[in-house]
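Shown next, in structure tokens, is the structure this report addresses.
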Amino acid sequence: SVACRDSTLLGPEQHRPPISTSTASSQIAATDFSEYPAGQQPSDWTKRWTAGGTVSWTVQRDSSGAFAGHSKLLLQVAAGQGATRALSWDQVGQRSHVRVHTRLRMTSVVDRLVGLTVLGGGVAGKEDGYAWVVENASGFTGLRLWRVKGGQNQTALRSQAISLSANTFYQLVLEKRADTLRAKVWADGAAEPAWQVETTDTLLKSGWAGFANYSPGTVEFDFFRAYDPTVQRPPVPPQAPDTLPAGLYDESTIRHNSVCIASPVLKDIIVLRFRPGTPQEQRQAAVDLVQGEVIGGRRPTDLEGQYYIRTPDDGTGERLCQAIDQLRALPQVLVATHEVFAHPFYRRPDDGENWKKNLWQLNPAAVQGGEKWGLEAVAAPLAWGCETGSSAVAVAVVDEGFQAVSDLLANIAEPWRGDIGKYTLTDHGTVVASVLGARGNNGSGITGPMWEADLRPYDIRVDAAGRAHTGPIAAAMIAEKVERAGREGARVINLSHGINWQALNRTPHPDSARHHLIVRDFHESLRGTLALFDSQQRPFVVLAAGNDAVDAYWAGFPNVEGDFPDHVIIVGASTLARGLRPSSNRGTTVLAPGEAVGALDGAGNPDTVSGTSVAAPYVAGLAGLLFSFDPALTPGQVKHFVREGAERGKQIAGDLSIINAYESLKAAAEEHGRPLCGNRVWGADGTIWAQRGSGAPEELRAINGTGAHHLQVLHGGKHITYAS
């Protein structure tokens, strides 16, 4: 596959070396010339038909401007040196069946004669071959398909008129299939046409593939690709495969900037989901429509999976976008999109103070700052009077980059330490986990809302064999870890990843159908996973809203709240001033502190971190406290009490409430039989009484004597002592 070329700013990291012949693909080889040293002729390309004169074929790279880092093969022929000359790629070799494709740009179109060629022999004056040539001479402007015999007898077999402009990219395709010749041409930005010219000829049984030139001037070619058009692609399987090829997410396979989408995507790859029940022949027809080939797939348990389709691109990313649009129009297709990658939702400030041990503020409205302000702002100190967490409540953090930090290991049992230390290029997972469940009241480090927890880190970059994946993160990789966490008993799952909208969006079309489909793919990945669980076993999932100051819809995963309203909650970030953080996505369920909140870095050192990534674990920690407080609660009840507590706390940012852990626990305690957190308890007339919220007094227990004195309510009402 070949990197894209367009008028946007591209760097050399977007280039990709040639791909060798594969029996499973019609592609023979491709290059964008970035693998060759600048200033030299490509080492495995051979000059042919050169008869003296000043001519050079050299690789060059633009050093500045819109095309900085752009590699190209530059053909320069001195004035008056218009003899026939060619350059062929040794890697393609001589072939009787070959389709060649290039993209070229000319500094001048006056008397221009340059194009693609399939040729035989290498002796000047005796050359045989076919050439699809750009022409602007002798009253004709367009392309002609030439037959050249012995260097002298030149016959125009077919022609295609087209207007030509200097410094404009044109794409040329020439195919030789036995004795049949076909060709097409189009300007960048136009849709690829059907074959424009076709004929038969028996002159050349096999030939080299490359470039031809017949006139002086300067031309640049920025990619070349060769196919065998006779190779049959494997049939499309009736259900998606459950494996992906090795190296699929290597850096060389990623396009960082494309014509229709700015976010990093896999080159030449379409992620395709069919509607349930689609027959194999309709799947085959869809893949054939875009000249695609199934290279792998993902198939969650008991669900319609997703196919990974490799399809020919034109080097710009535009053809891939067109193929996606074609597939979207088919009735049997549910989703067709790029493979867009997830991003962690947090931002580090440029500076920040260390975590300090100081007095806890008990009034959330009076919090002025400090390293623990986030916990104080959600009334955690008061909530801890009711509940501090339990090692019987499994809380999973699905993230990337977990380090062996002692303040976390104190809450992570041995069976759940397998992913720790496997991926070390980030500490995002450690940061998020520490905000949720750093061990409390142990004289070191920091604390999360849950002092004690059965904390379970799941690294989305670590596969089942324990191997760390260093490439980008696909939605399906995250969904697989969510499924595993749920099947292994997690009651709460925190997920602080999703689509980076600022990287995805290419103005002026931020609301395009294509972007909706990318969002839909993320949505479907997580929706399909959560659908595997019945409502009693489905975990409570806490999702970060994202940091792009747009609706949380565009982060992808948050859309599952509509599918599972009792099991999913979306969290935005609030500021120390109790406002909505400017970068926080909108359309959330609740807010939690997300500005310079205390956390631990990968080395176990206190740090301050911002973003919805660290707002979400406050809510996940509160959910864990509620399940610890009353294990009989359902996810729907937990979500209700989180929202109810936020509303009772009366800290409002815009039209959203900031969570209040104490008020949530008090709300949960208002039902008969639950602990008495925050509710009135007293003794009178030989009875211990309680009042839950504004309800009628409730008789808890009769005691000896006519009164109750020295009444003490401990552990949030789980233990009451008295002396009568």
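We did not get these values from a lab; they are worked out from the coordinates using the rules stated. The shown structure was predicted, so the numbers you read here are calculated from the model rather than taken from an experiment. Please note: Cβ atoms are built from the backbone with ideal geometry, for glycine as well, and neighbour counts cover all protein chains shown.
Listed by chain and number, the aspartates and glutamates placed with their C-alpha closer than 18 angstrom to that of Lys205 are Asp90, Glu127, Asp128, Glu175, Asp179, Asp228; residues fewer than eight positions away on the same chain are left out.
Across the stretch 228-240, coupling constants 3J(HN,Hα) worked out from phi with the 6.51/-1.76/1.60 Karplus curve, θ = phi - 60°, read 9, x, 8, 5, 8, 6, x, x, 6, x, x, 9, 4 Hz, and Gly and Pro carry x.
Normalised by the number of residues in the stretch 251-339, the average gap of Cα pairs under 8 Å and 6 or more apart makes the relative contact order 38 percent. Applying 1/(1 + (r/R0)^6) with R0 = 30 Å to the Cβ-Cβ distance of Arg648 and Ala366 gives a FRET efficiency near 0.95. Extension gain, Ser535 to Lys205, is 112.2 nm, computed as 0.36 nm per intervening residue step minus the present C-alpha separation.
Here Glu698 and Asp563 are evaluated by their C-beta separation; at R0 = 30 Å the FRET efficiency comes out at 0.20. Shape class of the stretch 364-668 from the Cα gyration tensor (axes a ≥ b ≥ c, square roots of the eigenvalues): rounded, since a/c falls below 1.5.
When peptides 463-473, 406-416 are sorted by average Cβ neighbour count within 10 Å, with the highest value leading, the order is 406-416, 463-473. As a rough guide to protection, the peptides 280-290, 585-595, 386-396 ranked by mean Cβ packing within 10 Å, highest first, stand as 585-595, 386-396, 280-290. With the simple spin-label model, which puts each label point 7 Å out from Cα in the Cβ direction, the Ala137 to Ser96 separation comes to 3.4 nm.
When the stretch 364-668 is described by a simple charge dipole with +1 on each Lys and Arg Cβ and -1 on each Asp and Glu Cβ, the residue from Val590, Ile493, Ser628 located farthest towards its positive end is Val590. When each of Ser263, Ser584 is scored by the number of other beta-carbon atoms lying within 10 Å, the sequence from fewest to most is Ser263, Ser584. For the pair Arg467 and Arg275, the difference between a 0.36 nm per residue extended length and the Cα-Cα distance amounts to 65.8 nm. Here's how it looks for Trp689: its modeled amide H is under 5 Å from those of Trp682, Gly683, Ala684, Leu700, which are all 5 or more places away or on a different chain. Rounded to the nearest 0.05, what FRET efficiency is calculated for Leu74 and Arg233 with R0 set to 35 Å and r the Cβ-Cβ distance? E(calc), rounded to 0.05, equals 0.50. From the alpha carbon centroid of the stretch 412-449 to that of the stretch 554-589 is 23 Å. Ranking Leu320, Val290, Tyr308 by Cα position along the charge dipole of the stretch 251-339, where only Lys, Arg, Asp and Glu carry charges on their C-beta atoms, puts Tyr308 farthest toward the positive end.
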